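J.: Take a look at this one; I'll ask things after.
The values are calculated or read from the model by the stated rules, or taken from the named source; none is laboratory data. The structure presented is a predicted model; accordingly, all values stated were derived computationally and were not measured. Using ideal geometry, Cβ is built from the backbone for each residue, glycine included, and neighbour counts are taken over all protein chains shown.
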Amino acid sequence: MALRFEVLGRFNRARAAQLTLPHFVCQTPLFMPVGTQGTIKGLTNDQLEEIGCQIILGNTYHLALRPTSELLDELGGLHSFMKWPRALLTDSGGFQMVSLLHLADITEKGVTFQSPIDGKPMLLTPEESIQIQNRVGADIIMALDDVVKTTITGPRIEEAMYRTLRWIDRCVAAHKRPNEQNLFGIVQGGLDPVLRDICVRGLVERNLPGYAIGGLSGGEDKDSFWRVVAQCTAALPEDKPRYVMGVGYPLDIVVCSALGADMYDCVYPTRTARFGTALVPEGVLKLKHQAMADDTRPIDPSCSCMVCKNFSRAYIHCLVTKDAMGSQLLSYHNLYYMMKLSRDLHSSIVHEKFPEFVCKFLQKMVLGKKFSPLPRSLPIVFVAYEFVVSRQINLCFFLYSAVSQGRCSRMGLQCDGSCRD
Ligand SMILES: [Zn+2]
């Protein structure tokens with residue numbers, strides 16, 4: 001094991017921790033931006049450090065195709081190739097194959113796919129995925145799993161879950177650098193609580209350095225999504241990091257953190273920037289909108305990032321449609337927003353202010369200016385009411401229970417009855 005995980009503070013199930021990895025000491029909860037070929041589009045490493053990025057996610061499938069893992073190995077690994085001094089995480093490569101390539105086929109041996117370069121059939125086995133990731137050299141590497149869309153039902157889900165468990169042993173056996181790289185297992189099992197439970201138990205028995213909750217954010221409804229996260233975080237060990245894969249909406253990060261998750265990754269903040277959208281406390285701001293053309297305010301007047309300190313909405317509106325600079329500035333702001341959200345989650349939990357933080361976050365995001373400032377006498381109950389009105393009743397129940405020790409035994413959360421008032 002090449003990590004140390006120390007919980008610094010808790011509120012109910014939410015925790016703030018220090019995660020010490022070979023290349024960086026991280027504070028959780030944390031968001032990891034996704035770099036495809038060893039780069040976050042449009043941002044320099046200095047900017048990423050300035051923003052406060054702690055871990056960057058490298059895409060094994062893309063790295064294996066170009067520059068190839070052999071070359072990376074020769075050049076001293078991805079850290080030295082991209083001159084990134086902080087932590088890195090690589091995925092197994094399997095997800096890209098299944099999602100990008102129509103001709104991917106999964107058998108017990110591995111994932112068979114048609115090479116995008118010469119069209120020849122290729123096979124990615126658990127052993128090969130780990131070998132490639134050992135060469136790339138990231139602080140955290142991911143087991144190859146059998147990924148099935150959550151919207152699929154039937155025996156395929158069960159088959160994929162058991163195969164994921166069989167493959168984890170092949171991954172562990174193939175892992176040549178356990179003292180320098182941490183292999184995380186991935187909990188599968190679709191939306192079926194029984195299968196999820198079997199998978200969590202199976203992985204925990206293997207005593208891995210960390211655990212990911214996989215197979216979500218694939219089009220399932222929010223109610224199912226949160227239930228799976230709640231079930232898995234409750235069953236995973238307290239002293240190991242928990243990573244919810246593919247999660248990047250700010251609200252989802254707040255909810256999952258309330259449920260005891262620690263790490264997240266998603267292309268959303270940078271992808272949405274390329275479409276001209278900024279993340280703001282009230283939700284999103286579409287910079288392409290005509291109303292932005294003569295708006296002299298910064299993207300978010302409460303944000304202290306380099307972009308908000310220097311540029312107006314009008315200027316970015318001018319750029320977004322024509323110049324790459326527009327999406328670069330938006331990516332910078334959006335990642336700054338995600339890093340600040342991570343820091344705020346961490347410090348609010350450490351300073352025992354987590355419910356207040358969640359309340360404030362929700363007030364801004366859901367109520368906007370309509371009810372702001374919210375009187376102190378109308379705390380979470382009022383927010384909950386607003387959620388009901390806006391038909392986000394499931395979300396309301398979840399946040400409500402997570403932040404107030406609510407009446408929510410059905411969510412597996414502790415209840416002291418105070419929420420009934
Ligand atoms: Zn900003």
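J.: Consider V284 against the criteria (1) at pLDDT below 95; (2) buried (at least 21 other Cβ atoms within 10 Å of the Cβ): it satisfies all of them except one. Which criterion is unmet?
T.: Result: V284 fails condition (2) only.
J.: Which of the strands (runs of 3 or more DSSP E) contained wholly in the stretch 244-348 include at least 3 residues that are more than 23 Å from G58 (Cα to Cα) and either in contact (Cβ under 8 Å) with a residue 24 or more places away in the chain or touching a helix residue (DSSP H, G or I) at 6+ places or on another chain (Cβ under 8 Å) (or both)?
T.: The qualifying strands (runs of 3 or more DSSP E) are 277-280, 283-286.
J.: Kindly indicate whether V172 is in the same structural domain as G93 (by TED's automatic domain parsing), in contact with a Pro (Cβ under 9 Å, 6 or more places away or on another chain), outside any strand (DSSP E or B) and closer than 30 Å to F81 by Cβ. Quick ask: steps written out before the conclusion?
T.: Working: in the same structural domain as G93 (by TED's automatic domain parsing): yes; in contact with a Pro (Cβ under 9 Å, 6 or more places away or on another chain): yes; outside any strand (DSSP E or B): yes; closer than 30 Å to F81 by Cβ: yes.
So V172 fits the description; yes.
J.: Further, regarding this structure: If you check T36 against the conditions, is it surrounded by fewer than 21 Cβ atoms within 10 Å (Cβ to Cβ) and closer than 22 Å to D145 by Cβ? Walk me through it before giving the result.
T.: Numbers: surrounded by fewer than 21 Cβ atoms within 10 Å (Cβ to Cβ): yes; closer than 22 Å to D145 by Cβ: yes.
For T36, the condition - surrounded by fewer than 21 Cβ atoms within 10 Å (Cβ to Cβ) and closer than 22 Å to D145 by Cβ - is met.
J.: Being out of contact with any strand residue (DSSP E or B) (no Cβ under 8 Å at 6 or more places or on another chain) and not small (G, A, S), is that true of even one residue in the stretch 256-263? Lay out the reasoning, then the answer.
T.: Step one: list which residues in the stretch 256-263 are out of contact with any strand residue (DSSP E or B) (no Cβ under 8 Å at 6 or more places or on another chain), which gives none.
No: the stretch 256-263 contains no residue that is out of contact with any strand residue (DSSP E or B) (no Cβ under 8 Å at 6 or more places or on another chain) and not small (G, A, S).
J.: Further, regarding this structure: Taking helices (runs of 4 or more DSSP H) that do not extend beyond the stretch 31-82, which have at least 2 residues that are of a type in the set (G, A, S)? Reasoning before the result, please.
T.: Values: elements: 45-51, 60-65, 69-74, 77-82.
Where helices (runs of 4 or more DSSP H) fall fully within the stretch 31-82 and carry at least 2 residues being of a type in the set (G, A, S), they are 77-82.
J.: Given the condition away from the ligand (no atom under 14 Å from the Cβ) and under 25 Å from the mean Cα position of the chain (by Cα), answer yes or no: does some residue in the stretch 314-321 qualify?
T.: Keep residues of the stretch 314-321 that are away from the ligand (no atom under 14 Å from the Cβ), which gives 314, 317-321.
Within this subset, residues satisfying the condition of being under 25 Å from the mean Cα position of the chain (by Cα) are none.
No, the stretch 314-321 contains no residue that is away from the ligand (no atom under 14 Å from the Cβ) and under 25 Å from the mean Cα position of the chain (by Cα).
J.: So is L8 buried (at least 22 other Cβ atoms within 10 Å of the Cβ) and of a type in the set (A, V, I, L, M) or not? Walk me through how you get there before you give the answer.
T.: Working: buried (at least 22 other Cβ atoms within 10 Å of the Cβ): no; of a type in the set (A, V, I, L, M): yes.
Here the answer is no, as L8 does not meet what is asked.
J.: Here is a further query. Identify the single condition in (1) away from the ligand (no atom under 15 Å from the Cβ); (2) β-branched (V, I, T); (3) not assigned by TED's automatic domain parsing to the domain that holds S99 that V307 does not satisfy, given that it satisfies every other one.
T.: The one condition V307 does not meet is (1).
J.: Is there a residue being touching a Phe, Trp or Tyr at 6+ places or on another chain (Cβ under 7 Å), over 19 Å from K109 (Cβ atoms) and modelled with pLDDT of 95 or more anywhere in the stretch 165-184?
T.: Checked the stretch 165-184: at least one residue is touching a Phe, Trp or Tyr at 6+ places or on another chain (Cβ under 7 Å), over 19 Å from K109 (Cβ atoms) and modelled with pLDDT of 95 or more.
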